[in-house]
Amino acid sequence: MYVVIAVASVLGGIFLGAGLYLIWRGNFPAWWQDWMLWPLRTVTPRVTHLQGWAGVALGISILAVGFTPIVPEDIGGVLVLAAMTTYLAGVVLFVYSTYLSRRAAS
């Protein structure tokens, strides 16, 4: 159980940190290869910010799921609902930002 919590904390922290970095910076790092940005065609600051918010939402979702084993059942249920909601919000933001990047390219 503690391994799952540790893995969730590390992954959630990575996604949360990367998302905040993209929101703060406004562009992807120069060292990122083109294949790492495969769904995006035209990367604008708006697209980057939306990708950052998607990363933040995914990080929060993973962290919320990771903490469910160590909290009471009622709070765990709320955390799972919050995780599902933030995950769906992250997916919507990711799909929308990908759509914007492809729309701008055509």
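Each residue of segment 9-24 is assigned a 3J(HN,Hα), and the resulting list reads 5, 5, 5, x, x, 5, 5, 5, x, 5, x, 5, 4, 5, 5, 5 Hz, derived from the Karplus form 6.51 cos²θ - 1.76 cosθ + 1.60 (θ = phi - 60°), x at Gly and Pro. Annotation: peptides 32-41, 54-63, 78-87, ranked by per-residue average of other Cβ atoms within 10 Å with the highest first, follow the order 54-63, 78-87, 32-41.
Ligands, DNA and RNA excluded, the heavy atoms of Ile14 present near 100 Å² of accessible surface to a 1.4 Å solvent probe. Taking every protein chain into account, the accessible area of the chain amounts to 65 square angstrom per residue (probe 1.4 Å).
Averaging the sequence gap over all C-alpha pairs within less than 8 Å and six or more residues apart, then dividing by the number of residues, gives the chain a relative contact order of 35 percent.
The values are calculated or read from the model by the stated rules, or taken from the named source; none is laboratory data. Every value quoted in this text rests on a predicted model; they were computed, and no experiment measured them. Heads up, the Cβs are rebuilt from the backbone with ideal geometry, glycines too, and the neighbour counts pull from every protein chain shown. Just the protein is used for accessible areas: all its heavy atoms, side chains included, with ligands, DNA and RNA removed. Shrake-Rupley method; radii C 1.70, N 1.55, O 1.52, S 1.80 Å.
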